[in-house]
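Everything below concerns the one structure shown next.
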C-alpha cells in the first residue's frame, strides 16, 4: 500500500462521543465527500480521557488521534494507493 500523507487537506472528525462499555461513536469525513467517494478507511486510533472512570461522566474531556484515508485505488496490480491525514479531535462526553 502506498500512502500519500497530507496535512491540512480537510479530513476531519465531525463528531465523537464515548458511550458505555468503553466504546466510541465517531463520524469522520474526507476532502472528497463532495463526489460521494467519502472515506476509504480508518487507521488505528489513540485516545486520551481526562477521567479514568470506566464510563466517564458527561462533560469529561477526551482526545482522539486517528488517520483518515481517502481517494484509495488499485494501480492495476495488488498495490493500493491512498491519501491520508492524521487528525486530532478534542471534545467532551455528551
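The values are calculated or read from the model by the stated rules, or taken from the named source; none is laboratory data. All figures in this text were calculated on a predicted structure; none of them were measured in a lab. Heads up, the Cβs are rebuilt from the backbone with ideal geometry, glycines too, and the neighbour counts pull from every protein chain shown.
The residues in the range 25-36 that are exposed (fewer than 14 other Cβ atoms within 10 Å of the Cβ) and modelled with pLDDT of 75 or more can be counted, and the count is 2. Does any residue of the range 10-17 turn out to be more than 16 Å from the chain's Cα centre (by Cα) and either at pLDDT below 90 or surrounded by 15 or more Cβ atoms within 10 Å (Cβ to Cβ) (or both)? For the range 10-17, residues more than 16 Å from the chain's Cα centre (by Cα) and either at pLDDT below 90 or surrounded by 15 or more Cβ atoms within 10 Å (Cβ to Cβ) (or both): absent. Of the residues making up the range 49-56, none is surrounded by 11 or more Cβ atoms within 10 Å (Cβ to Cβ) and closer than 18 Å to residue 11 by Cβ.
Considering the range 63-94 alone, what residues qualify as being modelled with pLDDT of 90 or more and assigned to a loop (DSSP other than H, G, I, E, B)? Answer for the range 63-94, where residues must be modelled with pLDDT of 90 or more and assigned to a loop (DSSP other than H, G, I, E, B): 93, 94.
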